[in-house]
Each structure stands twice: as structure tokens, then as C-alpha cells.
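Peer 1: Sharing a structure with you now.
All of the numbers you see were taken from the coordinates with simple rules; none came from a lab. This structure is a prediction, so every number in the text was calculated from the model and none was measured. Cβ atoms come from the backbone with ideal geometry, glycine included; neighbour counts cover every protein chain shown.
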Amino acid sequence: MSTKTSSQQKPLTAHLRFLTVWGPGLLVMLADSDAGNVVTAAQAGAQWGYRLLSLLLLLIPLLYMVQELAVRLGIFTGRGHGELIRDCFGPRWAWLAVSGLAVAAIGSLITEFTGIAGIGDLYGISRVLTLPIAVGALLAVVLTRSYRRIERAAVLIGLFELAFFAVAWSAHPDPAMVWREVVDIPLGNRRFLYLAAALVGAVFNPWMVFYQQSAVADKKLTADAYKSERWDTAFGAVLTQLLTAAVLVAVASTLGRNGTVVLNSVGEISEALKPLLGTAMARPVFSAGVLGASMVAAIVSSLALAWGVGEVAGFQRSTECLHHDTPWFYGVYVACVIGSAGVVWLVPDLVDLNIAVQVLNAFLLPLVIGFLVTLSVKALPETHRLRGWYLWVVVGVSSLVCALGLVGGLSGFY
């Protein structure tokens, strides 16, 4: 009797253990579905219909490959990304990598503030109120080190973004039109290439690599958790890209139905929800989703910055490294948050500002992938090292995406 019970419990215990290590991959992907992703996808749908839909879906494999390498490095080296770069290449290269992380984290904060300010504008609330409140909330999260609690609440709120799946489905886009536009790629159009670069930057944020690898290392996950973390990452990659695609389809099927539309404010995106939810519910659901996603991304990117700087500076790899004996970090963080809010305060066109930040991420992508691939070849144990055909697939695909990001981003300057 006891033997049978024990044998029945083993699969259940294995499944529970499989699920308990989920978290870093799914969380970082949900953070990737932030205000910047929503705004950029919405502008793509409004201006170009379904033409950029194929790009979003084709980026899923590379997104998984990049984040899976971060998982692999975290599990089999037991070190965070910044720490590993410092140990393998020295402090100068480590500080270069963290400098890129800092730029990306500040850019992410600007993006999240554009979302928050845009929601305030939607309700006629001045940025004089919305931005200081957002700044205070983010500073409180860092100073109290209550990341985990706020993460959970923000993730739940951010799930309102899933309403775009229902909108995309209920819009019943014409398959013939979708196919006609998907194969109509105006590569000679500079505005199209610039928006394509913005989508690449919206998908690949440098802080995602730092966060996921450091989170895996911080949880002290072992080789037994590797399979589960890979599934966690794969599920998150598919979810975030399908959500972004749903935003594009929803806007293209509603706002972009009567021709090219240029979004001039964040709040205009909520108009895409009206056919499904009605006027009364569209704004609150959209607002809750954007605010929740913005908080998740702001917290994750700032935590990635904390981990990255702490690792390179030689501090303990944990949120506990942010004690009062590191006042320099608090000073830099406060300056970044207030400075980011100040930029959003001064710039009237939040949509263009948001897209410019995503293009900046595209420019940083070669640096991020370069370090990631090199570490995967050099620092991993022999059995888990990146090599053979898979190495060349990662290098080839990432090179093409990096080239698109660079060429498309530069097209916006001439």
C-alpha cells in the first residue's frame, strides 16, 4: 500500500518541482511586454497594417535562443552575467557591458514613464501629478527592497493586456488582406525600416539577459532545473510575441482599417479596444494593462541594473547587496529615475520618444549578443557549451537581426 502511494506521489512531486523553478523566464518576458512594446506594435499596425506581423513572429526563435543561453550560463556557471564577464574578460569589459545595461535600463525607465504619462493624458491628468507619483512608487520599491511583492501585484495587473488577444480574434481580420500585406515588404521605405528596427529593440532589451541569468544564479538552480527553465523561457517567448502580435493585429484591424493612421498619443491605442469592450470599459482595461506592464518592466530593469552593477563592483549577488553601505547605488538610481521622468516631462510627443528608445536598444543588441555567445563558447562546461550547427544558427540569425536593427535605425537619421 505504502509502495503504491509512494510511486504515485513521485510523478506529482516531479511536476511540482518542475513548476516551482518557473519564474525568471516568464517574468522577464512579461516585463518585455511593456508600454514600449505595446506602443511600438500599435504604431506598426496603425501605419503599416499587417506588414510587420511576420517580423514579430520570426523573432520568437531568436528571443528564445538568446534567453536560453542566459539560463544555461546562470545554471552551469552559478554566476550572474556581469560577474561572469568580469571573471572571463576583466573589469574593463565588464564595465563596458554594464554601461550598455545602464543605457538600456534608463531607456526602459523612459519608456515606462511614457506609458504612465500617456495614461494620465488619456484622463486629462497633468504630468505634474502622474510623473512624481510614478517616481515616488519606483523609489519606494527600491528603498524598501520589496521587489518580489510588487512584481506579483504588477504582473496580475499587467495581465489586462491579454484583452488584446480577444480584440485581435473578434476583429476577424481578412485572411486575404493579411497575406497580401505580410508579403508586401517595402524594404526601400526608410520609415518602414526605422519602425522595424524599433520592433527589434522592443523585443530584445539588454537588461533581460542580465536579469534572467542573475535571477537563475540567485535562486541557485541546479542542472535538474535546466529543462524546466528552458520550458519557462520558451513559453514566455511565445507568449510575449503573440501578445505583441495581437496588439498589432488589433490596431491594424480597427484603427488602421481605413488607411494609414499615425498615433500621436499613447491613449489613442485604447480606441482599438472599443469594438470589443465598449467605450466605458476600453479605457480602464487598457490603462490597467499598461500601468501594470510598465511597473513590471521598471522593476525588472532596475533590478537587473542593481545586479549588474553589484556583480561588476564585486558585491554580493542578491537583492540583499543593496544595503545602506552602498549609498552610491541609491544616488545613481535616484538620479536615473528622476532624470528619466524629466525627459518624459519635457518631450511632448510620447509615441516618437518611445519608438526612439526602442531603436536605441536595437543599436545595443550586437554588444549584448556578442558577450552572450562568447561566454557560451568559453565559460560553460564542455558538455553544455555552445558549438556545432547550433552555434552557427545562433550567430547567423542574430547577425541578420542585428543588421536589420542597425540599418533600420540609421535610416531614421537621413
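Peer 1: When T374, T77, T114, T383 are ordered from fewest to most other Cβ atoms inside 10 Å of their Cβ, what list results?
Peer 2: With the sparsest Cβ surroundings first, the list reads T383, T374, T77, T114.
Peer 1: What trypsin sites (Lys or Arg not before Pro) does region 341-414 have in DSSP loop regions with at most 13 other beta carbons within 10 Å?
Peer 2: Passing both the DSSP loop test and the Cβ count: R387.
Peer 1: Work from the charge dipole of region 26-411 (Cβ charges, +1 for Lys and Arg, -1 for Asp and Glu, about the Cα centre) and give the residue of P348, L406, L139 farthest towards its positive end.
Peer 2: L406
Peer 1: Kindly give the semi-axes, whole Å and largest first, of the ellipsoid equivalent to region 26-411, taking each as the square root of 5 times a Cα gyration tensor eigenvalue.
Peer 2: So the equivalent ellipsoid measures 32, 25, 18 Å along its semi-axes.
Peer 1: Suppose every Lys and Arg Cβ carries +1 and every Asp and Glu Cβ carries -1, with no other charges. What dipole size does region 160-281 come out with about its Cα centre, to the nearest 20 debye?
Peer 2: 140 debye
Peer 1: I've got another one for you. Would you be so kind as to identify which of Y194, S214, A225 lies farthest towards the positive end of the dipole of region 178-226, taking Lys and Arg as +1 and Asp and Glu as -1 on Cβ and the Cα centre as origin?
Peer 2: Farthest towards the positive pole: Y194.
Peer 1: Another one. Go ahead and collect, in residue order, the members of region 336-364 whose backbone nitrogen is under 20 Å from a label point 7 Å along the Cα-Cβ direction of F413.
Peer 2: Label zone hits: 352-364.
Peer 1: While we're looking at this one, here's another question. Can you tell me the dipole magnitude for region 26-411 around its Cα centre, using point charges on the Cβ only (Lys, Arg +1; Asp, Glu -1), in Debye to the nearest 20?
Peer 2: That gives a dipole near 420 debye.
Peer 1: Around R127, under 15 Å between beta carbons, what's the net of Lys plus Arg minus Asp minus Glu among the other residues?
Peer 2: Net local charge, R127 excluded: -3.
Peer 1: Another question, then. Treat each spin label as a single point 7 Å out from the Cα along the C-beta direction, and report the D352 to V395 distance in nm.
Peer 2: 4.1 nm
Peer 1: Let me ask you something else. What list of ³J(HN,Hα) couplings, whole Hz, do you get for region 114-131 from phi and the Karplus terms 6.51, -1.76, 1.60, once you set θ to phi - 60° and write x for glycine and proline?
Peer 2: Running phi through 6.51 cos²θ - 1.76 cosθ + 1.60 with θ = phi - 60° gives 5, x, 5, 5, x, 5, x, 4, 4, 9, x, 9, 5, 5, 4, 9, 5, 5 Hz.
Peer 1: Let me ask something additional. Computed FRET efficiency, Cβ-Cβ of I338 and R180, R0 35 Å: what is it to the nearest 0.05?
Peer 2: E between I338 and R180, to the nearest 0.05, is 0.15.
Peer 1: Could I have the simple spin-label model distance between L239 and N264, label points 7 Å from Cα toward Cβ, reported in nm to one decimal?
Peer 2: 3.7 nm
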